[in-house]
Amino acid sequence: MKITDLRVALIGQHPVVRVTTDEGIDGYGGLEGNRASNRQQVLYYKQAILGEDPTNVERVMLKIRRRGAFKPWGSGVSAIEIALWDIAGKAAGLPIYKLLGGKIRDRVRVYNGAVRFPFTEHTPKGYAENMRRMKEAPEGFTIIKQGISFHSPMPGVVPNFHYGEVHGAPARRTAAGGLAPTGVSFQGNRGLHTEQGLKHVIACVEAMKEVLGDKVGLALDCGPGWTVPDAIRLARALEPLNIMWLEDMLTGDYTPYVAAEMYREVTQATSTPIHTGEQIYHRQNFKDLIEKHAVRILGPDPFDIGGLAELKFVAEYADLHGLLFAPHGTLDGVIGLAALVQVAAALPENYIAFEYPKAREHWWYEIVEGLPNPIVKDGFVEVWDRPGLGIEFNVGRAREHLAEEDKEFFE
Ligand SMILES: [Mg+2]
């Protein structure tokens, strides 16, 4: 079998990658739902893989893997890798998890980082109200993640929050008049918290825990941008609350480096688990974090790390060193959901949960067939057994959402 073409189309806000072959089997991959600008980057790899046998996934990847980098530059390589596994699975008549070593669980736990509600205010009361709505969501999530501090609008809306300059636009108002559900509008801030700022963060976390009790776990996306002493202060202050993890305090998101030594200082100073890894590309860049035991939990994204086999390798190596695993995925859409279900089924027992991705447009659930309904039940997704990723486009319906320049995508 030979690769005959590599195409990219923007379907709604989700860039989709399609690899075609001379045997009529095709495979799909995707990029995060805010990566329209990375389309050309995917096509950059085309000449290197045309004519290759896609079912020799690793052999094809050896030709292009060295050209990737930290988020967002690992996304093209990752999307192609996932499309190759989709083809290899379809060619063998097997779900991808079987090609990765077989499943060790029939259903995979997911955590909520995508089912969001508008904020009224970024106060303890506002955080509690918002958490109550997420707790009542029909998916029945057993772990919920919320953004705080530099991963929220706090630097801009809480007076005297930190000693640094405030970067970012004022929090966007939603149609309902509330604040936008995520804090992305103020990301990019960095520096030492004031005592008031730190106390505000802690009060908001306490208010959320009050709502959740001990039945639903609370994870916190925190930065990046924290200083080491503040990170230690927060982690220690939250110890009695049994937080699931503190994510990306020092580096993360789009930071093009790891800072393993600094993470190690924080991790060694507290019993609260420290988490990072969503922006990191390639196993080599996890080596320091893992071998130095710099964090307790790793959270790579299959759309950025280099794909499914890369993610599984890092999970195994982390397990060997006593680190836990909770992959990122909030912006990965329906194709990302399928990819995460396949790989999570085969991950070792250091697996906690992956971040459940939701498509940005609701009609995505009408153009793709093969997903369970409901998708999430009691906080889990049942692993499906169809070949490859196990989902298929309803091409007739999907075509309606293609832009003029992408009209040939499914041809
Ligand atoms: Mg994060």
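The values are calculated or read from the model by the stated rules, or taken from the named source; none is laboratory data. Computed from a predicted structure; not experimentally measured. Reconstructed Cβ throughout: ideal geometry from the backbone, glycine too, with neighbour counts over all protein chains shown.
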Of residues in the stretch 118-136 being modelled with pLDDT under 95 and not β-branched (Val, Ile, Thr), the one farthest from the chain's Cα centre (by Cα): GLU121
Just to be sure I understand, how many residues within the stretch 361-389 are closer than 15 Å to ARG105 by Cβ and surrounded by fewer than 16 Cβ atoms within 10 Å (Cβ to Cβ)? 4
Pairs with Cβ under 8 Å, 6+ apart, first in the stretch 365-393 and touching a residue at least 24 places away in the same chain (Cβ under 8 Å) and farther than 17 Å from LYS90 by Cα, second polar (S, T, N, Q) and surrounded by fewer than 19 Cβ atoms within 10 Å (Cβ to Cβ): GLU366/ASN394; ILE367/ASN394; ASP378/THR142; GLY379/THR142
Looking at ILE290, is it at negative phi, more than 16 Å from the ligand (Cβ to nearest atom), assigned by TED's automatic domain parsing to the domain that holds HIS200 and within 23 Å of the chain's Cα centre (by Cα)? yes
Qualifying positions in the stretch 96-113 - over 16 Å from the mean Cα position of the chain (by Cα) and buried (at least 24 other Cβ atoms within 10 Å of the Cβ): ILE96, TYR97
Please give the helices (runs of 4 or more DSSP H) falling wholly within the stretch 296-411 in which 3 or more residues are closer than 26 Å to VAL258 by Cβ. 302-305, 308-320, 333-345
I'd like to check something: does the stretch 226-241 contain any residue that is of a type in the set (Phe, Trp, Tyr), within 17 Å of the chain's Cα centre (by Cα) and surrounded by 22 or more Cβ atoms within 10 Å (Cβ to Cβ)? no
Filter the stretch 293-350 for residues that are among the aromatic types (Phe, Trp, Tyr) and within 16 Å of the ligand (Cβ to nearest atom); which is nearest to ILE82 (Cα to Cα)? PHE303
Please work out which one of (1) under 30 Å from THR251 (Cα atoms); (2) surrounded by fewer than 21 Cβ atoms within 10 Å (Cβ to Cβ) is the condition GLU411 fails and give its number. (1)
Quick one: is GLU206 surrounded by fewer than 20 Cβ atoms within 10 Å (Cβ to Cβ), under 25 Å from VAL110 (Cα atoms) and touching a Pro at 6+ places or on another chain (Cβ under 8 Å)? yes
Taking SER78, is it of a type in the set (S, T, N, Q) and either away from the ligand (no atom under 16 Å from the Cβ) or free of Cβ contacts under 8 Å to residues at least 12 places away in the same chain (or both)? yes
Take GLN284 and decide whether it is part of a helix (DSSP H, G or I), within 28 Å of ARG59 (Cα to Cα) and either within 16 Å of the ligand (Cβ to nearest atom) or free of Cβ contacts under 8 Å to residues at least 12 places away in the same chain (or both). yes
